[in-house]
Amino acid sequence: MTDEIAAPAKRTFGGKLLIAVPYLWLLIFFLAPFLIVFKISLSQVAIAIPPYIPTFDLAEGWQAFTDNLAELSLENYLWLTEDALYWKSYVSSVIIAGISTMLTLLIGYPIAYGMARSPRAWRPTLLMLVILPFWTSFLIRVYAWIGILKNEGLLNQFLLMLGLIDEPLVILNTNIAVYIGIVYSYLPFLVLPLYASLERLDGSLLEAAEDLGSPPWKAFWQITVPLSLPGVIAGCFLVFIPAVGEFVIPDLLGGSDTLMIGKTLWVEFFNNRDWPVSSAVAVILILILVIPIVLFQNQQQKMSEADG
């Protein structure tokens with residue numbers, strides 16, 4: 001009898017432990033680094049190693065922090081509002097990431113839909129082909145696009161051979177090259193969750209729609225698209241969030257006119273060695289990305305509770 005009572009308690013503890021693992025992961029690898037960066041953003045720049053003077057020292061304890069609370073300065077954050085470079089970088093990054101996400105969705109949806117509608121025996125092979133680019137280094141894949149998009153690259157040589165153009169197209173070192181690089185690099189992140197949603201779609205719903213006289217295109221918009229929205233939203237988030245802070249692609253494929261916050265952050269951190277300002281840039285970037293996601297999740301949870 002005692003063992004029967006203890007068994008549920010053990011299962012309950014195991015369930016709590018299982019839930020605690022992702023929270024512990026976020027605490028160690030997200031919240032703790034975020035607090036360190038936030039602390040540096042409140043510091044003052046200095047010619048030293050490290051190149052900043054901390055406003056307070058966490059090693060002195062919570063009491064020392066509260067004592068110096070009145071001395072904390074938001075000067076670095078105010079500087080971001082005074083210099084147009086930073087807010088233009090934020091706006092440009094959001095626009096480029098948004099356009100890239102839409103292009104990725106337009107390309108990725110037909111791919112995921114075709115995979116989900118293909119014979120079941122082919123699906124593992126098609127899924128492997130989508131994942132295959134991850135077997136190669138991200139940096140090597142971006143460098144490969146330089147050889148494709150440059151004036152004497154493969155793309156221009158192919159178009160010249162076909163007679164479609166008279167002179168090479170200037171694609172490299174433009175925003176178009178950045179869009180191409182982001183769409184290519186993050187396409188699997190959209191296809192995979194979208195394929196998971198479409199693959200679970202109940203085919204009998206489409207058959208019922210056809211039996212009731214609904215044309216295929218109308219059944220697609222009224223049944224397939226709404227039921228695949230969770231995959232669409234998840235995939236768009238997986239593309240948009242890293243694309244906003246992307247540094248490698250705009251640095252290698254973009255030109256001097258390509259303005260993105262990841263590139264600006266790198267310049268502040270390594271070239272100017274202004275760690276406090278670069279930390280403030282990073283904190284604002286994280287808030288721009290995290291707050292909308294949290295609000296969206298809360299809205300989704302309220303909708304689920306209302307439906308339940």
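The values are calculated or read from the model by the stated rules, or taken from the named source; none is laboratory data. Remember, predicted model here, so these are calculated numbers, not experimental data. Counting neighbours? That spans all protein chains shown, and the Cβs are built from the backbone with ideal geometry, glycine included.
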Report task. Give the residue that is nearest to I176 (Cα to Cα), with candidates limited to residues of the range 118-146 that are surrounded by fewer than 12 Cβ atoms within 10 Å (Cβ to Cβ) and aromatic (F, W, Y). Result -> F134
Report summary line: Filtering the range 66-89 down to residues that are modelled with pLDDT under 85 and of a type in the set (V, I, T) yields T66
Query - Residues that are in contact with a Phe, Trp or Tyr (Cβ under 9 Å, 6 or more places away or on another chain) and either closer than 21 Å to S185 by Cβ or not hydroxyl-bearing (S, T, Y) (or both), drawn from the range 109-125 - result: I111, A112, M115, A116, R123
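Kindly evaluate L106 against the criterion of being modelled with pLDDT of 95 or more, farther than 18 Å from E246 by Cβ and not β-branched (V, I, T).
In short, yes.
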Report summary line: Given (1) part of a helix (DSSP H, G or I); (2) under 29 Å from L155 (Cα atoms); (3) touching a helix residue (DSSP H, G or I) at 6+ places or on another chain (Cβ under 6 Å), G231 misses just (2)
Requested in this report: Can you confirm whether the range 285-308 contains a residue that is surrounded by 16 or more Cβ atoms within 10 Å (Cβ to Cβ) and among the charged types (D, E, K, R)?
Outcome: no
Query raised in the report: Name the residues in the range 154-164 that are surrounded by 12 or more Cβ atoms within 10 Å (Cβ to Cβ) and at pLDDT below 90, would you?
Result: none
Report task. Quickly run through the range 162-196 and pick out the residues that are closer than 19 Å to S118 by Cβ and either of a type in the set (F, W, Y) or in contact (Cβ under 8 Å) with a residue 40 or more places away in the chain (or both). Result -> L187, P188, L190, V191, L192, P193, L194, Y195
Query raised in the report: Which of the residues spanning the range 248-265 are surrounded by fewer than 18 Cβ atoms within 10 Å (Cβ to Cβ) and at pLDDT 90 or above?
Result: V248, D251, L252
Requested in this report: Mind telling me which of the residues F34, F29 ends up being exposed (fewer than 13 other Cβ atoms within 10 Å of the Cβ), under 27 Å from the mean Cα position of the chain (by Cα), at pLDDT 70 or above and within 30 Å of R273 (Cα to Cα)?
Outcome: F29
Query raised in the report: Tell me, which residue of the range 246-303 that is of a type in the set (G, A, S), part of a helix (DSSP H, G or I) and out of contact with any Pro (no Cβ under 9 Å at 6 or more places or on another chain) is nearest to Y77 (Cα to Cα)?
Result: A280
